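Here's the structure, in C-alpha cells; my notes come after.
The values are calculated or read from the model by the stated rules, or taken from the named source; none is laboratory data. Worth saying up front: this structure is predicted, and the values here are computed from it rather than measured. Neighbour counts run over all protein chains shown; Cβ positions are idealised from the backbone, glycine included. The protein model used for the area step is the full one, side chains on, heavy atoms only, and it has no ligands, DNA or RNA in it. Shrake-Rupley method; radii C 1.70, N 1.55, O 1.52, S 1.80 Å.
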Amino acid sequence: MIVDDSLVARTALGRMVGSSDDLEVVAGASTAESALDVLRRCTVDVILLDLDMPGMGGLAALPEIVARANGARILVVSSFTVDGAEQTLAALSLGAADTLPKPDVRSSREAYRQTLLAKIRELGSADAEIAPKPRSTHAMRPILRKRPGLLAIGASTGGIHALTCLFEAMPRRLGIPILVTQHLPSTFMPAFARQLASASGYETVLAQEGMPLPPDRIVVAPGDAHLTVQSQSGQLSVHLDRSRSESGCMPSVDWMFGSLAKEVGNDACGVVLTGMGRDGVSGAASLVAAGGTIIAQDEASSAVWGMPRAIVEAGLASAILPPVAIARHIADSVGVAPCR
C-alpha cells in the first residue's frame with residue numbers, strides 16, 4: 001500500500017512497484033485517516049508511508065497504523081532534510097522498519113527503482129519463513145560471568161525502534177562506555193544522537209577521531225566512517241576508519257567488533273540487533289575468540305532477523321533476547337538495578 005498525499009508521488013511509486021512481476025500495489029491512500037480505514041478491510045505486506053500529509057499526518061498516525069497493519073512492515077518514504085530527518089527518525093523509533101528518500105529528479109530513476117524494489121522485497125519477505133518446518137537448534141555459548149568493561153551495539157533495519165526500547169529499559173548509569181553502530185545516512189546522525197540521548201538519559205555524541213571513551217557516554221558511529229577503538233598509554237579512544245568493509249556497510253559493525261577484539265578482548269560485550277544481511281558476524285567471531293560476549297536480538301521482536309540470525313547460526317551468541325530483556329541482562333552483568 002502506498003500512502004502519500006501527492007498523486008504524483010503515488011503514481012510514480014506505483015509504476016515502479018508495478019514494473020516488477022513479483023510485487024503488486026493493492027491499495028493507496030492520500031491521508032493517514034484513509035490508510036487506517038483501508039487497513040480495516042485490506043491485508044498488505046509493506047506500507048510505503050509519507051509523513052507530511054494533511055490531517056493526522058503519517059507520524060502521528062504511525063502507532064495506530066502499526067497496530068492495525070497486522071505485521072506489515074512500514075517503509076518511510078521521506079525527504080532527507082534536517083526537519084525530515086527528525087521526523088523520519090521519530091517514525092523509526094515508533095516501529096517503522098526502514099526509510100528511503102523520495103525520488104530526486106537529479107538521481108537515476110532506474111537506480112532508485114532498484115533500491116525501492118529491493119527494500120520492499122526484503123521487508124515483505126521478512127516473515128516468509130514462518131511456514132511450518134522443524135526449527136533448527138543452534139549451539140549457545142556459555143554466558144561469561146565477568147563484568148564487562150565496555151558495551152558495543154550494532155543494528156540496521158528496524159534498529160532505531162530496537163535501540164529505543166533497549167535504552168528506555170536501561171538503568172541511568174552502567175559505569176562503562178557504550179558504542180553504537182547503526183546503518184544510517186550521514187545526514188541522519190546528529191538527529192539520531194539526540195534521539196538516543198532522549199531515550200537513554202546518557203550523554204550521547206557522534207564519534208570523532210581521538211575522542212576518549214569515559215563511562216556512561218554513548219558514542220555513535222558517524223555515517224561516513226567505521227567506529228573503532230585504539231589504546232594509547234592504557235587509555236581507550238576513538239579511531240575512525242574509512243576503509244572498505246567486506247559487507248559493504250559504512251559504518252560497519254564488523255569493524256567495531258573487530259577492533260574491540262584486538263584492544264579489549266574479554267572485557268567487551270557486543271549486542272547485535274535487528275537488521276538485514278550479515279554485517280557483524282565476522283567481527284563477532286573475532287570478539288568471541290578473544291573472550292568477549294555476544295548477545296543477539298530474538299526473531300520475534302526483530303523487524304528483520306538477518307544480522308542476529310547470522311550470529312545465532314554461527315554459534316556466537318550467549319543469549320538470544322528481545323531488547324528490553326537485553327537491557328536487563330546487561331544491567332545484571334554490570335551489577336546495577338535492571339530498569340528505571
Of all residues in segment 303-318 being of a type in the set (A, V, I, L, M) and open to solvent by 10 Å² or more (accessible area, probe 1.4 Å), the one that is nearest to ILE143 (Cα to Cα):
LEU316
Do the conditions hold for ALA60, that is, is it under 14 Å from MET1 (Cβ atoms) and either of a type in the set (Gly, Ala, Ser) or free of Cβ contacts under 8 Å to residues at least 60 places away in the same chain (or both)?
no
Can you find, within segment 125-161, the residue that is surrounded by the fewest Cβ atoms within 10 Å (Cβ to Cβ) among those that are modelled with pLDDT of 95 or more, farther than 21 Å from VAL336 by Cα and in contact with a strand residue (DSSP E or B) (Cβ under 6 Å, 6 or more places away or on another chain)?
SER156
Residue in segment 319-340 that is farthest from THR157 (Cα to Cα), counting only those that are touching a strand residue (DSSP E or B) at 6+ places or on another chain (Cβ under 9 Å) and open to solvent by 20 Å² or more (accessible area, probe 1.4 Å):
SER333
Please state which of the following conditions PRO222 fails to meet, knowing it meets all the rest: (1) open to solvent by 10 Å² or more (accessible area, probe 1.4 Å); (2) under 19 Å from SER156 (Cα atoms); (3) out of contact with any helix residue (DSSP H, G or I) (no Cβ under 6 Å at 6 or more places or on another chain).
(3)
Which condition breaks for GLY280 when tested against (1) within 17 Å of the chain's Cα centre (by Cα); (2) in contact (Cβ under 8 Å) with a residue 60 or more places away in the chain; (3) open to solvent by 10 Å² or more (accessible area, probe 1.4 Å)?
(3)
Quick one: GLN114 ticks every box in (1) open to solvent by less than 70 Å² (accessible area, probe 1.4 Å); (2) modelled with pLDDT of 90 or more except a single one, so which number is it?
(1)
If you go through segment 42-60 one residue at a time, how many are under 23 Å from the mean Cα position of the chain (by Cα) and assigned to a loop (DSSP other than H, G, I, E, B)?
5
Cβ-Cβ distance below 7 Å, separation of 6 or more or different chains: which pairs start in segment 222-244 with a residue that is in contact (Cβ under 8 Å) with a residue 24 or more places away in the chain and end on one that is aromatic (Phe, Trp, Tyr) and open to solvent by 50 Å² or more (accessible area, probe 1.4 Å)?
HIS226/TRP255; THR228/TRP255
Looking at segment 90-105, which of the residues that are farther than 19 Å from MET56 by Cβ and touching a helix residue (DSSP H, G or I) at 6+ places or on another chain (Cβ under 9 Å) is modelled with the lowest pLDDT?
ASP104
Which numbered condition trips up ALA289, out of (1) closer than 16 Å to PRO142 by Cβ; (2) open to solvent by less than 40 Å² (accessible area, probe 1.4 Å); (3) among the small types (Gly, Ala, Ser)?
(2)
Any chance you could count how many residues in segment 195-212 are in contact (Cβ under 8 Å) with a residue 24 or more places away in the chain, open to solvent by 50 Å² or more (accessible area, probe 1.4 Å) and in a helix (DSSP H, G or I)?
0
Verdict on ASP22 being touching a residue at least 60 places away in the same chain (Cβ under 8 Å), of a type in the set (D, E, K, R) and either surrounded by fewer than 17 Cβ atoms within 10 Å (Cβ to Cβ) or closer than 16 Å to GLU64 by Cα (or both)
yes
Have a look at ALA29, ALA61 and point out the one that is touching a strand residue (DSSP E or B) at 6+ places or on another chain (Cβ under 7 Å), surrounded by 14 or more Cβ atoms within 10 Å (Cβ to Cβ), at pLDDT 95 or above and not acidic (Asp, Glu).
ALA29
Of the numbered conditions (1) open to solvent by 60 Å² or more (accessible area, probe 1.4 Å); (2) not in a strand (DSSP E or B), HIS239 fails exactly one; give the number of that condition.
(2)
